[in-house]
Amino acid sequence: MARLLGPTALGIWVILSMIPSYAEAFGRIKTDVAAVYFIGQKTFRREEILANLNLIAIISATVVLSIIIWQFDPIYEWLFQNDSGDHRSKLVLLLFQIPINFLYLNYTYFHIAHENIFVYNRMVVINALSNSIIVIGLITLTEFGLWSVIIGLIVAPLMSLIYGSFSIDRENWTRVFPCKEVTIALLRYGIHFYLGGILGQLQQSGTHFIAVVYLLPAQMAFLSQGQGVGMMLNNIVKPISTILFPRVSSLDKSQAVQISCNAFRVSCILMLTSGFLLAIFAEHLIVLLYGSDFRSTASVIRFLMPGLVIMGVCGTLTNYFSGIGKASIIPKIQIIPVMLQLLLAWVLMQSWGINGAAAAISIGGIFYGLLTLLVFINMSGASYRMLIPCSSDFLFIKNFAIKRFDRYLN
C-alpha cells in the first residue's frame with residue numbers, strides 16, 4: 001500500500017486512521033477483554049456474556065459516533081491543519097468501521113476465552129487477507145486511491161465478524177437477553193482494561209496527535225510506518241500473549257507465576273534476536289518493501305527499537321495481572337510512562353523533528369516495560385532467576401520451530 005500510494009497519501013491515511021484508533025481507545029469499554037476472565041472463571045453462562053457484550057458494543061459505538069459527528073469540524077481542522085486538501089467525505093465513510101470493529105473484537109475475544117485458537121486465527125487471517133486483496137486490487141485496477149484503503153478497512157472486519165459469529169458452538173445454548181447483573185460485572189472489570197486501553201493508545205499514537213502540529217503528512221507517514229514495521233516484532237510474541245491470558249485465568253497462583261515466567265523468557269529470546277536483526281537490516285528492508293522514497297523510515301525504526309523490544313517482552317507479564325483479577329494495576333503502571341513520553345515528544349520534536357518523536361516513544365516504552373517487570377516481581381514473588389533465559393528455553397524454541405516446520409512440509 002505504501003509503495004502504491006506514496007509518502008504524502010500514506011501520511012493522509014495515517015491522520016485519517018487516528019479517528020477510529022481513538023474511537024476504539026475512548027469508546028470501547030473493553031468488556032470483551034473482561035469477558036475472557038469471566039469465561040475462564042465460569043462465572044456466567046457464555047451465551048449471557050456474548051449477548052451483553054454485543055449490547056454494550058452497539059451502545060458505546062453509538063455514543064462515540066454521536067460525539068464525533070457533533071464535533072466533526074473542530075476535529076477535522078485540528079487533524080488537517082498542515083494539509084490543504086478536502087478529506088471530509090473520506091472521514092465520514094471511515095466512521096462506519098467503528099461499530100463493525102467493536103463487534104469484531106467481541107467475537108475475537110470470545111473465541112480466545114475458549115482457547116479456540118483455530119477460529120481466532122481464521123478470523124485474523126480473513127481480516128488481513130481480504131483487506132489486502134481489496135486494497136491492492138482497488139488501488140491497482142481503479143483510481144480510487146485512499147478510498148480503496150477505507151473500503152478495505154470496512155469490508156474486511158465485517159467478513160471476519162460474520163465468520164466468527166457462525167463459528168461459535170451453540171450446542172445447549174438457551175435463548176437469553178442482556179441482563180443487569182452480567183452487564184455490571186463486565187463493566188466493573190472492563191473499566192480497568194478501558195483505562196489501560198486509553199493509556200495504551202496514548203502510548204502508541206499519542207505522539208501522533210502532537211506531531212500533526214510539527215510534522216508534514218509525509219513525515220507522519222515515516223513515523224507511523226516506522227512504528228508499524230517495529231510493531232511487527234510484537235507479532236512474534238503475540239501468540240504467546242493470546243493464549244496466556246485465558247490460561248492464567250484458569251490456573252492457581254503458583255502455576256500462573258510459573259507459566260508467566262516461562263512466557264517472559266521465551267519472549268525475551270525471540271524479541272532481542274529479532275530486534276537486533278531488524279535494526280541492522282532496517283534500511284535494506286524498507287527499500288525492498290516500500291521503495292527508496294521511504295528510506296527515512298529506517299532511522300525512525302532504529303530510534304524506536306529499544307523501547308519496542310523492552311515493552312514487548314515485559315508486556316507479556318500484563319497477562320498475569322489480568323488473569324488473576326488484578327487488571328486495575330495495568331493503568332496504574334502505564335500513567336507515568338505515558339505522561340513522560342508525551343512531554344518528551346512535545347519537547348524533542350521542536351528540536352529534532354521526526355527523530356525526536358521516535359526517541360520519545362522509545363524512552364516511554366523502556367520505562368513502561370521496566371516498571372511492569374518490577375511490579376510483577378513484587379506482586380508474584382518470582383525471583384529474578386526465574387526470568388533469566390536458560391538453555392531449556394532455547395531448546396524449547398528450537399523444538400517448537402522444528403515441529404512447525406515439519407508440520408508445514410507434511
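None of the figures in this text is laboratory data; all of them are computed from the coordinates on show. Fair warning: this is a prediction, and the values are worked out from it, not measured in the lab. Every residue, glycine as well, gets a Cβ built from its backbone with ideal geometry; the counts of neighbours run over all protein chains shown.
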Task: Burial ordering of Met379, Met123, Met18, Met305, fewest other beta-carbon atoms within 10 Å first - done: Met379, Met18, Met305, Met123
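Taking a ≥ b ≥ c as the square roots of the Cα gyration tensor eigenvalues, with a/c under 1.5 meaning rounded and otherwise prolate when a/b beats b/c, else oblate, which class fits segment 215-410? Walk me through the numbers before you get to the answer.
Working: a/c = 2.46, a/b = 1.34, b/c = 1.84.
Oblate.
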- [ ] Could you tell me which of Ser380, Gly323, Ile151 has its Cα farthest along the dipole of the chain towards the positive end, charges placed at Cβ (Lys, Arg +1; Asp, Glu -1), taken about the Cα centre?
- [x] Ser380
- [ ] Between Val313, Val92, Val64, find the one with the highest GNM mean-square fluctuation for the chain; connect C-alpha pairs within less than 10 Å.
- [x] Val92
TODO: Would you work out if segment 309-410 is rounded, prolate or oblate? Take a ≥ b ≥ c from the square roots of the eigenvalues of the alpha-carbon gyration tensor; rounded if a/c is under 1.5, else prolate when a/b is larger than b/c, oblate otherwise.
DONE: oblate
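With +1 assigned to the C-beta of every Lys and Arg and -1 to the C-beta of every Asp and Glu, and no other charges, what is the dipole magnitude of segment 1-194 about the Cα centre in debye, to the nearest 20?
Details: 13 positive and 13 negative charges, 89 e Å.
The dipole magnitude comes to about 420 debye.
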TODO: Run down the aspartates and glutamates and flag those whose C-alpha is under 16 Å from the C-alpha of Lys398, throwing out any fewer than 8 positions away in its chain.
DONE: Asp406
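Quote the relative contact order of the chain in percent (integer), defining contacts as alpha-carbon pairs under 8 Å separated by 6+ residues.
Values: 518 pairs, mean separation 88.8, N = 410.
That works out to 22 percent.
How do Arg188, Arg28, Arg265, Arg247 rank when sorted from fewest to most other Cβ atoms within 10 Å of their own Cβ? Don't skip to the answer; put the middle values down first.
On the way: Arg188 11, Arg28 25, Arg265 22, Arg247 18.
Taking fewest neighbouring Cβ atoms as first place, the list is Arg188, Arg247, Arg265, Arg28.
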Task: Size of charge dipole - segment 215-410 - debye, nearest 20, with Cβ of Lys, Arg +1 and Asp, Glu -1, no other charges - done: 460
Task: Set of aspartates and glutamates near Lys238 by C-alpha distance (under 18 Å), chain-local residues within fewer than 8 positions excluded - done: Asp32, Glu115, Asp393
TODO: Can you figure out the FRET efficiency of Leu251 with Val63, using R₀ = 41 Å and their beta-carbon distance, to the nearest 0.05?
DONE: 0.65
Task: Paired Rg and Dmax values of segment 1-194, which use every Cα atom, in angstrom - done: 18.3, 58
- [ ] Could you size up the charge dipole of the chain around its Cα centre, putting +1 on the beta carbon of Lys and Arg and -1 on that of Asp and Glu, and report it in debye to the nearest 20?
- [x] 1040
TODO: Using a Gaussian network model of the chain whose springs link C-alpha atoms within less than 10 Å, name the residue from Trp147, Trp346, Trp173 with the highest mean-square fluctuation.
DONE: Trp173
TODO: Pick out which of Thr318, Thr183, Thr142 has the largest mean-square fluctuation in a Gaussian network model of the chain, springs linking Cα atoms closer than 10 Å.
DONE: Thr142
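Assuming a ≥ b ≥ c are the square roots of the Cα gyration tensor eigenvalues, decide whether the chain counts as rounded (a/c under 1.5), prolate (otherwise, with a/b larger than b/c) or oblate.
Note, shape of the chain comes out rounded.
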